[in-house]
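The values are calculated or read from the model by the stated rules, or taken from the named source; none is laboratory data. A quick note: this is a predicted structure, and the numbers were derived from the prediction, not measured. In this analysis, Cβ positions are derived from the backbone assuming ideal geometry, glycine residues included, and neighbour counts consider all displayed protein chains. Side chains are part of the model used for accessible areas, which takes the heavy atoms of the whole protein and leaves out ligands, DNA and RNA. Shrake-Rupley method; radii C 1.70, N 1.55, O 1.52, S 1.80 Å.
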Amino acid sequence: MKSYKYIYSFLIVTIILSIIYLFYAVSHANKHISINIEKTFTRQAQYFANNIEEVVKKRVPKNLYSTLRSHPKLRENLQDALSLLITPTFKYVYILYRDKHGKYRYLLDGSKEDRGEFDAPLNVDIENWNRVYDSGKDQIVLEKDLETLWGTYLKPLRYKGKTEAIIAIDFSTNLPFTISSVMEPIKNIFYYIFLSFFLLLLILLWQMLLNIKTRKEVFIDPLTQVYNRKFLREFINSRYQAQRYQILMLDIDHFKRINDIYGHKAGDYVLREVARLIKKSIREEDLLIRFGGEEFVLFIYRENRDSNIAKEIAERIRKVIEQEDFIYETHHIKVTVSIGINLHPEYFKSPTEAIKYTDELLYVAKRQGRNQVIDEKEHNQHNKAIEDININSVKEALDDNRIICYYQPIFDLKNNSIVKFEALARMIDQKGHIITPNQFLTPIAFTNVYNDLTKKIIEIVFQAIHTYNVHISINLNMSDILDNVIYSTIIEEIKQNKNLAKWLTIELLEYESGHIERLKERLKEIKSYGIQIAIDDFGSGYSNFSIFQHLPIDILKIDGELIKNIESSHISFAITKSIALFANDLQIMTVAEFIHNEKTLEIVKNLGIRYGQGFFLGKPEPLEVYMKQ
């Protein structure tokens with residue numbers, strides 16, 4: 001359905017733009033032709049005026065008025081010369097002077113018939129003629145309508161910098177009418193095209209509305225007007241993100257009894273009213289789905305993983321329904337609901353398992369007396385001892401400064417020198433043992449302790465950069481960048497260490513397809529401080545090359561499993577080679593992880609991979625170990 005929506009939107013936008021373009025093209029063509037006609041006749045009139053000026057000045061080099069007055073034969077010859085320019089288009093060519101009273105009088109007239117007498121006055125557009133006379137600059141005076149263009153070209157005839165007369169050339173043409181007649185069929189064709197496009201647009205809009213209506217009918221429960229299970233399947237397959245939702249399962253208590261006592265129509269009424277009250281109690285970004293019978297599932301949107309919004313909404317729904325007076329005909333029906341809440345669907349392998357577990361919590365609520373909200377309390381109690389110990393252990397380690405970093409060097413394989421280090425978090429337990437991240441990160445995931453740990457690691461790394469002036473990279477999940485709380489912590493630490501930020505690289509450990517624009521903007525902000533962005537473990541799972549179109553990536557670290565098997569596996573070798581070529585084409589720094597022996601190192605070098613990391617080159621150690629070497 002999504003693809004149809006995009007196709008329809010593309011077609012509609014294309015048609016609208018085409019219609020706009022065609023209208024513009026027709027209007028522009030008419031305007032362009034009109035302008036060109038004006039320019040053509042103006043240029044021709046200017047050419048005639050220049051020739052007339054040349055001829056007159058050649059025959060009358062000075063004292064224009066007195067010379068022409070005293071030489072009638074010369075006037076006659078010049079007027080005959082002017083008459084040669086007369087055509088059906090250029091109908092009048094004449095030269096006037098301005099007397100001391102400001103009136104314009106004939107000096108020469110090239111008209112073949114009804115020729116103006118010498119010194120006879122002529123009424124003219126006095127304002128335009130005076131402007132030309134006084135300024136000494138040519139001017140064209142145009143008038144036009146739909147059928148005819150006419151105008152007068154005025155050119156001052158100057159002697160020694162002083163205007164003594166004005167050459168005037170009147171022209172007119174019905175060419176605009178002729179062109180308009182020719183263009184009319186073309187315009188009609190365009191209008192038919194416009195009409196066709198407009199009808200096609202209406203058809204597409206109607207089809208789109210029909211599809212929306214059909215889609216609504218397919219995905220909407222006809223009784224309650226909320227989403228149905230078909231929509232649930234579509235949502236899970238295309239838009240569901242476990243970390244963005246908490247799940248509620250709601251069931252109407254003793255619904256069968258309502259049907260048995262008051263009838264199925266009363267049951268339908270209760271279902272509709274319960275759905276209406278739930279919709280009023282949730283937000284626009286939340287999703288309400290009729291799961292089956294009297295059972296509903298809600299996906300409650302949350303901004304971060306620590307949010308308890310689902311509990312608040314669940315309790316609000318329970319109270320609203322409990323306090324509502326359901327009146328069917330003359331019957332007052334008491335209705336309550338039981339609700340189960342899954343606060344952390346991201347702990348489950350699939351949405352189906354998360355929903356199933358939520359359903360189990362719902363039936364826990366029903367078994368415990370109904371009309372109540374149950375979250376993961378029983379499940380948490382079962383694991384509480386182990387979880388509390390681990391979380392408390394990390395808290396205590398943070399409080400006691402027992403969180404440290406080991407550093408593994410990254411080498412320039414061309415000259416065998418260390419170019420930077422990767423910081424790896426470690427926790428020291430009460431007995432002094434070193435605990436690796438896989439043992440303490442899982443219990444604190446999605447908690448405030450995780451945020452505190454992230455803050456601590458960044459502080460440690462910036463202190464190390466300050467002390468040793470070395471480049472260091474840290475590992476973060478892309479989900480950390482998207483999490484508002486964690487991201488705020490990261491940015492705050494960076495701002496406090498602006499002068500050291502250029503020595504830091506952030507390695508992103510996973511790729512999430514959602515919220516790509518927000519991720520892009522946040523990474524741009526991070527890079528604005530001089531920090532480099534790396535993609536870690538690239539080549540593991542189903543690596544998505546499209547991230548390089550969207551995200552500002554500087555470094556690509558090839559997954560250690562590929563490098564580990566590069567000697568024995570042709571597939572690993574081929575994938576690594578492809579990644580290296582791809583990164584080199586994009587001028588992205590490439591790092592091969594897990595270089596564990598001489599043979600692997602040689603293969604990596606031969607593939608043109610410039611940088612490497614692994615136990616063969618250097619193990620994770622306290623930074624002081626490498627600084628002393």
Selection within segment 436-463 - among the basic types (Lys, Arg) and more than 14 Å from ASP483 (Cα to Cα)
LYS456
Selected residue [closer than 21 Å to THR163 by Cβ, in a loop (DSSP other than H, G, I, E, B) and either open to solvent by 40 Å² or more (accessible area, probe 1.4 Å) or touching an Asp or Glu at 6+ places or on another chain (Cβ under 9 Å) (or both)] from ASP114, ASP119, ASP134
ASP119
Can you pull out every residue in segment 450-471 that is polar (S, T, N, Q) and open to solvent by 70 Å² or more (accessible area, probe 1.4 Å)?
GLN463, THR467, ASN469
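Going by what's in this entry, would ILE563 be described as hydrophobic (A, V, I, L, M, F, W, C) and either open to solvent by 20 Å² or more (accessible area, probe 1.4 Å) or farther than 17 Å from PHE411 by Cα (or both)?
Against the criterion (hydrophobic (A, V, I, L, M, F, W, C) and either open to solvent by 20 Å² or more (accessible area, probe 1.4 Å) or farther than 17 Å from PHE411 by Cα (or both)), ILE563 does not qualify.
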Do we have any residue at all in segment 279-289 that's among the aliphatic types (A, V, I, L, M), assigned to a helix (DSSP H, G or I) and either under 24 Å from ASN371 (Cβ atoms) or open to solvent by 10 Å² or more (accessible area, probe 1.4 Å) (or both)?
no
Options ILE474, ILE386, ILE391: the member that is modelled with pLDDT of 90 or more and among the hydrophobic types (A, V, I, L, M, F, W, C):
ILE474
Name the single residue, out of those in segment 432-473 being of a type in the set (Gly, Ala, Ser) and at negative phi, that is farthest from the chain's Cα centre (by Cα).
ALA464
Going by the structure shown, is PHE118 among the hydrophobic types (A, V, I, L, M, F, W, C) and without any contact (Cβ under 8 Å) to a residue 60 or more places away in the chain?
yes
Considering TYR97, TYR106, TYR65, which residue is in contact (Cβ under 8 Å) with a residue 24 or more places away in the chain and either buried (at least 17 other Cβ atoms within 10 Å of the Cβ) or assigned to a loop (DSSP other than H, G, I, E, B) (or both)?
TYR97
Taking the stated definitions as given, is LEU201 open to solvent by less than 80 Å² (accessible area, probe 1.4 Å) and at pLDDT 80 or above?
no
Condition check for LYS395: assigned to a helix (DSSP H, G or I), open to solvent by 10 Å² or more (accessible area, probe 1.4 Å) and among the charged types (D, E, K, R):
yes
Quick check, is THR87 at pLDDT 85 or above and farther than 14 Å from ILE52 by Cα?
no
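Could you pull out the residue among ILE236, ILE258, ILE313 that is in contact with a Gly (Cβ under 7 Å, 6 or more places away or on another chain) and not in a strand (DSSP E or B)?
Just a single option satisfies the conditions, and that option is ILE258.
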Over segment 142-154, the set of residues open to solvent by 40 Å² or more (accessible area, probe 1.4 Å) and under 22 Å from ASN50 (Cα atoms) is LEU142, TRP150
Over segment 569-606, the set of residues open to solvent by less than 30 Å² (accessible area, probe 1.4 Å) and under 27 Å from GLN549 (Cα atoms) is SER572, THR576, ILE579, ALA580, ALA583, ILE588, THR590, VAL591, ALA592, GLU593, VAL604
Given the conditions (1) free of Cβ contacts under 8 Å to residues at least 12 places away in the same chain; (2) buried (at least 19 other Cβ atoms within 10 Å of the Cβ), and given that VAL335 satisfies all but one, which numbered condition is not satisfied?
(1)
Segment 210-237, residues that are over 23 Å from ARG272 (Cβ atoms), modelled with pLDDT under 70 and surrounded by fewer than 13 Cβ atoms within 10 Å (Cβ to Cβ):
LEU210
Only one of GLU353, GLU378, GLU322 that is modelled with pLDDT of 85 or more, part of a helix (DSSP H, G or I) and exposed (fewer than 15 other Cβ atoms within 10 Å of the Cβ):
GLU322
For HIS596, only one of the following conditions fails: (1) under 19 Å from LYS414 (Cβ atoms); (2) modelled with pLDDT under 90. What is its number?
(1)
Is at least one residue of segment 447-464 touching a residue at least 60 places away in the same chain (Cβ under 8 Å) and in a loop (DSSP other than H, G, I, E, B)?
yes
Anything in segment 398-433 that is open to solvent by less than 70 Å² (accessible area, probe 1.4 Å), under 29 Å from THR600 (Cα atoms) and free of Cβ contacts under 8 Å to residues at least 60 places away in the same chain? List them, or say none.
SER417, ALA423, ALA425, ARG426
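Pick from segment 244-268 the residues that are open to solvent by 40 Å² or more (accessible area, probe 1.4 Å) and at pLDDT below 90: which of them is nearest to ALA354 (Cα to Cα)?
Here is the first cut: in segment 244-268, the ones open to solvent by 40 Å² or more (accessible area, probe 1.4 Å) are 254, 256-257, 260-262, 264-265, 268.
When the remaining residues are screened for being at pLDDT below 90, the result is 254, 256-257, 260-262.
On the way: HIS254: 25, LYS256: 27, ARG257: 30, ASP260: 33, ILE261: 35, TYR262: 35 Å.
This residue is HIS254.
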Identify the single condition in (1) closer than 23 Å to VAL470 by Cβ; (2) without any contact (Cβ under 8 Å) to a residue 12 or more places away in the chain that ASP536 does not satisfy, given that it satisfies every other one.
(2)
Across segment 294-308, what is the total count of residues that are in a loop (DSSP other than H, G, I, E, B) and either modelled with pLDDT of 90 or more or among the small types (Gly, Ala, Ser) (or both)?
2
Based on what the data block shows, is ILE494 assigned to a strand (DSSP E or B) and either closer than 20 Å to MET627 by Cα or open to solvent by less than 10 Å² (accessible area, probe 1.4 Å) (or both)?
no
Determine whether ILE193 is aliphatic (A, V, I, L, M), open to solvent by less than 40 Å² (accessible area, probe 1.4 Å) and modelled with pLDDT under 90.
no
Quick one: THR163 ticks every box in (1) at positive phi; (2) touching a residue at least 24 places away in the same chain (Cβ under 8 Å) except a single one, so which number is it?
(1)
Of everything in segment 68-94, what is loosely packed, with under 13 Cβ neighbours inside 10 Å and in a loop (DSSP other than H, G, I, E, B)? Give them in sequence order.
LEU84, THR87, PRO88
Lone unmet requirement of (1) in a loop (DSSP other than H, G, I, E, B); (2) over 27 Å from ASN174 (Cβ atoms) for PRO156
(1)
